[in-house]
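Take a look at the structure set out below.
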Amino acid sequence: MILGSYRIEIPFEELKGYKRILIQLPSGLKIYARKIVDILEEKTKADILVSSDPCFGACDLAVDTALSVDADLLLHFGHLPIPNLKIDFPVKFVDVIMDIDVSSVTDLIISGVTEKNISIVTTAQHIRYLNEIRKNLEKRGCRVRIDEGDGRIAQPGLVLGCNFSSVSRDAGAVVFVGTGTFHPVGISISTRKPVYSLDPISMTLTSPNEISTMADKLIRRRFYLITASRDAENFGILVSKKPGQNRMDVALNIRKKLEEMGKKSYIIVADTIQPDMLRDFGKLDCFISTACPRIALDDHEMFDIPILTPVEFEILTGERSFDDYIFDSIT
Ligand code: SF4
């Protein structure tokens, strides 16, 4: 099924026998929700319910919602499963593909990437094109790595905003195929390698210098926020209920360290961490977010007080030096 620029591959055969299905869509697909529901109802004859809650990744499976409405299946669109996330509820994933012009992508890499030994990575929307890109590049003299990641990564070459383990540490440079700057900047900070960012929609290639400038800017901002938290006395430790973002163990560890430092802390649990809701808690000096790393790293301007990652908390306490700054990741 083609909807806008998305190719949506619903495994209708696998949906037989389910009576009530809750579907979960990322925000870019919600505009097509009614159409998707109509088609699913017609093909499956099941009750189709749609979740309106935000959905940013496969870390965020709406199992509680599915149980609350007596659904017998959760149908999750647009992300690949997280292999090491064990869920005790029937969940199926729907591939959502954004087609790309592999031959133009290859040409752009050949003309714009200096290194001939490269690691290529991408996000779920383009993952199935990686092998074809590799074959084309190898025919033209490149050595291309598409590596497996750790247990959080479903397919070789896939990167998540919280996990760059599929980037080959042996390659001379990394080519990220996808949109946005968060992933390439994260890869740059995590690997210290030259990173190119190839946007397959606009067909533009951002150079390692530009990515590195963005990474430096992010690190300077993080340094400022860590420094601004030096005198904090009251901390809010944020924990997400989302199954693949829940790092309660990390939160408890942070609270223990704060206690030892004579600081006061409160563990605040939420499904989606929203700055507005946190304002109700009155005066706190600093948040430490154990949820999705993007909340602290990407959305920090939405918060009234500094919001740090667990790694940055280690720098704040002096356990880690700033020279050892690493991107927060979930494994
Ligand atoms: S934790 Fe954040 S970056 Fe990781 S999969 Fe979930 S939404 Fe994406």
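The values are calculated or read from the model by the stated rules, or taken from the named source; none is laboratory data. None of these values were measured; they are calculated from a predicted model. Neighbour counts run over all protein chains shown; Cβ positions are idealised from the backbone, glycine included. Please note that ligands, DNA and RNA were not included when accessible areas were found on the heavy atoms of the full protein model with its side chains. Shrake-Rupley method; radii C 1.70, N 1.55, O 1.52, S 1.80 Å.
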Quick one: how many residues across the range 212-245 are closer than 16 Å to residue 290 by Cα, among the aliphatic types (A, V, I, L, M) and under 22 Å from the mean Cα position of the chain (by Cα)? 3
For the range 235-251, what are the residues that are of a type outside the set (Gly, Ala, Ser) and within 15 Å of the ligand (Cβ to nearest atom)? 238, 239, 241, 242, 243, 245, 246, 247, 248, 250
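Could you check, for the range 32-39, whether at least one of its residues is β-branched (Val, Ile, Thr), open to solvent by less than 30 Å² (accessible area, probe 1.4 Å) and within 26 Å of residue 153 (Cα to Cα)?
No, every residue in the range 32-39 fails to be β-branched (Val, Ile, Thr), open to solvent by less than 30 Å² (accessible area, probe 1.4 Å) and within 26 Å of residue 153 (Cα to Cα).
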Number of the exception - residue 62 against (1) away from the ligand (no atom under 16 Å from the Cβ); (2) surrounded by 17 or more Cβ atoms within 10 Å (Cβ to Cβ); (3) of a type in the set (A, V, I, L, M, F, W, C): (1)
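Working only within the range 181-193, note down all residues that are within 11 Å of the ligand (Cβ to nearest atom) and either open to solvent by 10 Å² or more (accessible area, probe 1.4 Å) or aromatic (Phe, Trp, Tyr) (or both).
If the condition is that a residue be within 11 Å of the ligand (Cβ to nearest atom) and either open to solvent by 10 Å² or more (accessible area, probe 1.4 Å) or aromatic (Phe, Trp, Tyr) (or both), then 182, 183 are the ones that fit.
Matching residues to (1) open to solvent by 30 Å² or more (accessible area, probe 1.4 Å); (2) charged (D, E, K, R); (3) touching a Leu at 6+ places or on another chain (Cβ under 9 Å):
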{"residue": "95", "(1), (2), (3)": "yes, yes, yes"}
{"residue": "109", "(1), (2), (3)": "no, no, yes"}
{"residue": "119", "(1), (2), (3)": "no, no, no"}
{"residue": "134", "(1), (2), (3)": "yes, yes, no"}
{"residue": "139", "(1), (2), (3)": "yes, yes, no"}
{"residue": "142", "(1), (2), (3)": "no, no, no"}
Of the residues 157, 161, 149, 178, which is without any contact (Cβ under 8 Å) to a residue 24 or more places away in the chain, closer than 21 Å to residue 79 by Cα and either touching a helix residue (DSSP H, G or I) at 6+ places or on another chain (Cβ under 7 Å) or within 14 Å of the ligand (Cβ to nearest atom) (or both)? 149
Looking at residue 53, is it over 20 Å from residue 155 (Cβ atoms), within 16 Å of the ligand (Cβ to nearest atom) and either charged (D, E, K, R) or open to solvent by 20 Å² or more (accessible area, probe 1.4 Å) (or both)? yes
Enumerated strands (runs of 3 or more DSSP E) restricted to the range 2-72, each holding at least 1 residues that are of a type in the set (Phe, Trp, Tyr) and within 29 Å of residue 202 (Cα to Cα): 6-9
So, of the residues in the range 269-328 that are within 16 Å of the ligand (Cβ to nearest atom) and polar (S, T, N, Q), which turns out to be most open to solvent (accessible area, probe 1.4 Å)? 274
Scan the range 220-235 and give yes if some residue there is under 25 Å from residue 277 (Cα atoms), touching a Ser or Thr at 6+ places or on another chain (Cβ under 7 Å) and surrounded by 20 or more Cβ atoms within 10 Å (Cβ to Cβ), otherwise no. yes
By residue number, the members of the range 1-27 that are of a type outside the set (S, T, N, Q), free of Cβ contacts under 8 Å to residues at least 40 places away in the same chain and open to solvent by 40 Å² or more (accessible area, probe 1.4 Å) are 1, 2, 4, 12, 13, 16, 17
Cβ-Cβ distance below 8 Å, separation of 6 or more or different chains: which pairs start in the range 210-232 with a residue that is free of Cβ contacts under 8 Å to residues at least 40 places away in the same chain and end on one that is surrounded by fewer than 20 Cβ atoms within 10 Å (Cβ to Cβ)? 211/181; 214/181
